[in-house]
1. With a Förster radius of 56 Å, plug the Cβ-Cβ distance of LYS42 and ALA193 into 1/(1 + (r/R0)^6) and report the FRET value to the nearest 0.05.
2. Evaluate E = 1/(1 + (r/R0)^6) for HIS330 and VAL201, where r is the Cβ-Cβ distance and R0 equals 30 Å; express this FRET efficiency to the nearest 0.05.
3. Near the amide H of SER144, under 5 Å away, which other amide H atoms are found, from residues 5 or more places off or on another chain, if H is placed in the peptide plane?
4. Select from ALA414, TYR353, ILE194 the residue farthest towards the positive end of the dipole of the chain; place +1 on Cβ of Lys and Arg, -1 on Cβ of Asp and Glu, and compute about the Cα centre.
5. Convert each backbone phi in the range 421-427 into a coupling constant with the Karplus relation 6.51 cos²θ - 1.76 cosθ + 1.60 (shift: θ = phi - 60°), then list the ³J(HN,Hα) values in order as whole Hz, x for Gly and Pro.
6. Which of the chymotrypsin sites (Phe, Trp or Tyr not before Pro) found in the range 293-357 are loop residues per DSSP with 16 or fewer other Cβ atoms within 10 Å of their Cβ?
7. Count neighbours as other Cβ atoms within 10 Å of each site's Cβ, and list the GluC sites (Glu not before Pro) in the range 10-79 that are DSSP loop with at most 15 such neighbours.
8. Hey, what number do you get for the chain at 222 nm if only DSSP H runs of n ≥ 4 count, each worth -39500 (n - 2.57), divided across all residues, to the nearest 500?
Amino acid sequence: MNPFDGSSRATGKSRGMKLIFEKHRDGRRGFSYGLSDVSGTKPLAGKYCRATEARLPCLSELDVVRHYTNLSRLNFSVDTNFYPLGSCTMKYNPKFTERIAAFEGFLQLHPLLPQLSGGGMLAQGSLEVLYESEKLLAEITGMSAFTLQPLAGAHGELTGVMLIAAYHKDQGLRRKYIIVPDSSHGTNPSSAAIAGYKVKVIPTGADGYMDLEQYKKQLNNEVAAVMLTCPNTLGIFNPKIKEITDLAHNVGALMYYDGANLNAIMGKCRPGDIGFDVVHLNLHKTFATPHGGGGPGAGPVGVSKKLVEFLPISRIIRRADATFALDYNHPKSIGYIAPFYGNFGVILKAYAYILALGKEGLIKVAEIAVLNANYCQARLKEYYDLPFDKTCMHECVFSASRQAKNGVHALDIAKYLIDQGYHPPTIYFPLIVKEALMIEPTETESKESLDDFIDTMIKIAELAKNNPSVVTQAPLNMPIKRLDEVRAARQPDLRWKP
Ligand SMILES: *Cc1c(COP(=O)(O)O)cnc(C)c1O
């Protein structure tokens with residue numbers, strides 16, 4: 001069944017796709033008020049009144065409701081379909097965490113409630129959630145302490161690199177470089193650059209690992225840190241990671257672990273135990289908040305002992321009388337990086353998720369995430385080129401090079417998948433793989449869903465061989481067909497004109 005065919009799109013394509021302005025009819029109203037029966041009111045003074053009417057569309061209430069309901073049905077979501085978007089996918093987003101985040105006691109709290117006296121007791125529970133969340137994340141990652149404030153993964157990276165800079169400065173050293181392998185997530189070199197460092201990029205060897213010889217050549221006492229995306233964007237975990245961290249520490253550089261996709265290793269290995277000094281997590285990937293909607297997110301940062309004193313303020317403390325409070329007395333802190341407490345609702349959902357799953361549950365998450373990705377890889381590798389053929393972690397990266405010889409590129413495969421009711425995998429990333437198709441099935445999907453998707457991918461491979469134009473014309477069932485992508489980017493037509 002194709003959930004995107006016309007039958008499930010209530011109003012059909014032409015009418016459903018009209019802009020709300022095009023549905024305007026002069027004088028139509030969605031509401032009517034009676035005349036005011038309040039006496040003594042005065043009309044607004046002329047100088048506050050518009051000279052011309054606001055050009056808002058006039059519609060009946062039903063038209064408005066249908067317009068927005070039908071728009072919402074154009075959304076693609078994990079609630080409706082499979083979403084194997086590699087590197088950044090929505091992982092397990094259970095509904096119970098949403099319900100907890102909506103509890104009045106949390107939802108209605110004002111961020112400026114006093115911490116202790118009077119109304120402050122109302123904030124104690126939330127402060128405890130933050131305090132305990134830090135402790136749980138520190139336990140899961142093997143780090144000494146956490147800040148929960150960063151508002152996204154990239155924001156966590158920036159915070160982490162600022163902590164590294166503060167550490168070196170405190171040592172009286174100026175270090176210029178941050179080393180980043182070319183298989184890292186794109187935000188890694190960006191965060192390093194924004195924090196004022198020059199980036200040294202290390203190429204990936206034929207085995208999918210960072211080239212160790214090149215790494216040794218680039219490593220010296222001007223290097224502030226080595227940032228590793230783990231697993232890297234090929235979905236591969238580097239078995240020589242201990243050697244890499246030891247080499248870095250030998251020259252006084254710190255190790256940064258991009259743990260956005262912690263579902264690959266959670267409960268199996270801890271960044272702190274293998275020598276990392278800084279780690280950021282994406283709660284909005286691994287810990288129950290959906291990623292993909294543009295926020296809100298949370299990118300908590302954990303640090304080893306030597307970096308704790310530089311963490312952003314405020315820090316949450318538990319006092320001798322078992323109450324919780326915010327502590328600002330950290331003279332070496334890098335200061336504020338976000339207002340208040342970060343995205344509290346996202347942190348709360350992660351907290352509930354971790355407690356509900358427990359240690360065994362979190363380990364299962366990692367095991368199933370890795371199993372599912374390897375299952376997809378094993379079933380598809382006969383049909384698509386697999387540039388780095390080894391056990392993968394939470395995602396696998398194919399190349400559509402074989403299909404591209406027949407004119408079917410990664411983009412065409414993505415468009416055809418949309419027509420079949422799937423969110424496409426990440427395409428053309430990582431950059432080091434030509435015609436990349438990066439598939440992350442996640443830990444949540446059943447074998448049946450995976451098989452359906454894999455069968456569709458196999459069908460596409462066959463079409464690419466025997467009937468490529470079927471794929472290159474897709475999508476045919478969508479309200480919007482192929483776009484002139486260059487023109488759409490250069491001359492976007494976003495404004496309605498009467
Ligand atoms: C998603 C992701 C990021 C960036 O996270 P944002 O919240 O989108 O800023 C960084 N690194 C990796 C490996 C990621 O997958």
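The values are calculated or read from the model by the stated rules, or taken from the named source; none is laboratory data. All values reported here derive from a predicted model rather than from experimental measurement. Note that each Cβ is placed from the backbone with ideal geometry, even for glycine, and that neighbours are counted across all protein chains shown. The accessibility values were calculated without ligands, DNA or RNA, using every heavy atom of the protein model including side chains. Shrake-Rupley method; radii C 1.70, N 1.55, O 1.52, S 1.80 Å.
1. It comes to 0.45.
2. In this case the efficiency is close to 0.30.
3. Distant-sequence amide H within range of SER144: VAL303, SER304, LYS305.
4. ILE194
5. Running phi through 6.51 cos²θ - 1.76 cosθ + 1.60 with θ = phi - 60° gives x, 10, 6, x, x, 5, 10 Hz.
6. Here the sparse-neighbourhood loop sites are TYR328, TYR336.
7. Passing sites in the range 10-79 are GLU53.
8. Taken over the chain, the calculation gives -11000 deg cm²/dmol.
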